Amino acid sequence: MKQFNAATDLLQNAKHLIALTGAGISKESNVPTFRGKDGLWKQYNAMDLATPQAFHRNPQLVWEWYTWRQELIAKCEPNPAHLTLAKWEHNGLLKTLITQNVDGLHRRAGSTQILEVHGNLWTLKCTKCTYQSRLSQPTQGIPLCPECQSNLRPDVVWFGESLPSSIMDQVFKELQTADIIVVVGTSALVQPAASFPLIVKQNGGQILEVNVETTPLTTSADIHLTGKAGEVLPQLDKLL
Ligand code: BV8
Ligand code: ZN
């Protein structure tokens with residue numbers, strides 16, 4: 001309980017609160033995370049499929065995986081953790097939400113100040129030309145570009161690919177401005193996102209971590225709350 005009161009004080013005195021979220025915040029919405037058995041599709045490791053090499057080798061297989069995730073996520077609903085962050089944005093407490101998730105659940109929860117640093121699996125881009133589009137339903141097979149008939153790919157950031165510079169400029173501005181960052185449901189293993197909270201700390205800010213377990217970030221966190229995001233965030237909100 002002591003930790004909860006300390007966390008509530010931190011949030012109540014925040015001048016520029018931002019958030020960083022990972023797959024753990026969508027776990028209670030039944031969206032699989034990337035860790036352990038969750039991270040497996042058929043016998044493939046998520047990290048092996050989310051690469052330009054895998055897409056080059058076998059675009060059919062990689063599209064099967066994204067279509068499977070789209071169909072799964074289409075049946076999911078935002079949970080109380082997503083809804084609490086949307087509420088904090090609307091009551092002016094939360095300034096910006098940085099997410100590693102490509103599931104689009106933050107947007108469906110009503111958040112608008114979102115930086116999707118790894119993209120969104122409901123968006124497509126052409127592998128050759130500048131064509132881009134947004135999906136309203138899961139894809140079937142390998143979608144082709146209506147402009148140049150080349151393969152389309154999900155507009156997400158794959159391992160070995162750099163994050164979009166336009167978004168990274170906004171991210172670094174927020175990391176310099178923030179005095180508190182709440183980090184929810186990330187294993188803090190994938191770079192550069194895992195370093196974002198440390199940049200806030202280097203700039204004199206504080207880290208509030210929410211996770212069902214400790215992570216490599218926990219030693220740098222000012223406060224670590226152990227628990228499910230869908231339970232901890234609403235509890236914090238009640239105390240505000
Ligand atoms: C790049 C989009 C420049 C696609 C994703 C060696 C050392 C250091 C770095 C590297 C290295 N070799 C390569 C790199 C760079 C690499 C990297 O960091 N690799 C790691 C694995 C070592 N990074 C990159 O490649 C990035 N690009 O660096 O470009 C460059 C270029 C060339 C070479 C070098 C550098 C691009 C990274 C982005 C990749 N795309 N997603 C898609 O989704 O299809 S990453 C993807 O995996 C997610 O977006 C997310 O970022 C990550 C998964 O992490 P989490 O979200 O944290 O989820 P995870 O399952 O791991 O953990 C869940 C957590 O929640 C757990 O802690 C669990 O305890 C907790 N939890 C569970 N339930 C709950 C909960 N918490 C609260 N409540 C609950 N109910
Ligand atoms: Zn094209």
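The values are calculated or read from the model by the stated rules, or taken from the named source; none is laboratory data. Remember, it's a predicted structure, so these values are computed and weren't measured experimentally. Counting neighbours? That spans all protein chains shown, and the Cβs are built from the backbone with ideal geometry, glycine included. Side chains are part of the model used for accessible areas, which takes the heavy atoms of the whole protein and leaves out ligands, DNA and RNA. Shrake-Rupley method; radii C 1.70, N 1.55, O 1.52, S 1.80 Å.
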Test: Asn151 is within 24 Å of Leu61 (Cα to Cα), out of contact with any Asp or Glu (no Cβ under 7 Å at 6 or more places or on another chain) and more than 11 Å from ligand 1 (Cβ to nearest atom): yes
Those residues of the stretch 134-158 which are among the hydroxyl-bearing types (Ser, Thr, Tyr) and open to solvent by less than 20 Å² (accessible area, probe 1.4 Å), in sequence order: Thr139
Looking only at the stretch 2-60, and only at residues there that are of a type in the set (Phe, Trp, Tyr) and farther than 24 Å from Val171 by Cα, the one that is most open to solvent (accessible area, probe 1.4 Å): Tyr44
Odd one out for Trp65 among (1) open to solvent by less than 30 Å² (accessible area, probe 1.4 Å); (2) at pLDDT 95 or above: (2)
Flag if Gly185 is on the phi > 0 side of the Ramachandran plot and either within 17 Å of the chain's Cα centre (by Cα) or modelled with pLDDT under 95 (or both): yes
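So that you can scan it fast, the table gives a plain yes or no per residue for (1) in contact with a His (Cβ under 9 Å, 6 or more places away or on another chain); (2) under 18 Å from Lys15 (Cα atoms); (3) touching a residue at least 24 places away in the same chain (Cβ under 8 Å):
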| residue | (1), (2), (3) |
| --- | --- |
| Gln149 | no, no, no |
| Ser166 | no, no, no |
| Gln176 | no, yes, yes |
| Gly185 | no, no, yes |
| Ala188 | no, no, yes |
In the stretch 97-128, residue farthest from ligand 2 (Cβ to nearest atom) [restricted to those that are among the β-branched types (Val, Ile, Thr) and either in contact with a Lys or Arg (Cβ under 9 Å, 6 or more places away or on another chain) or open to solvent by 30 Å² or more (accessible area, probe 1.4 Å) (or both)]: Thr112
Filter result (over 15 Å from Pro192 (Cα atoms) and within 16 Å of ligand 1 (Cβ to nearest atom)) within the stretch 167-181: Ile181
Residue list for the stretch 199-230, restricted to those being open to solvent by 40 Å² or more (accessible area, probe 1.4 Å) and either within 17 Å of the chain's Cα centre (by Cα) or within 16 Å of ligand 2 (Cβ to nearest atom) (or both): Val212, Lys228
Condition met for Thr84 (touching a residue at least 24 places away in the same chain (Cβ under 8 Å), of a type in the set (Val, Ile, Thr), more than 16 Å from ligand 2 (Cβ to nearest atom) and out of contact with any Lys or Arg (no Cβ under 9 Å at 6 or more places or on another chain)): yes
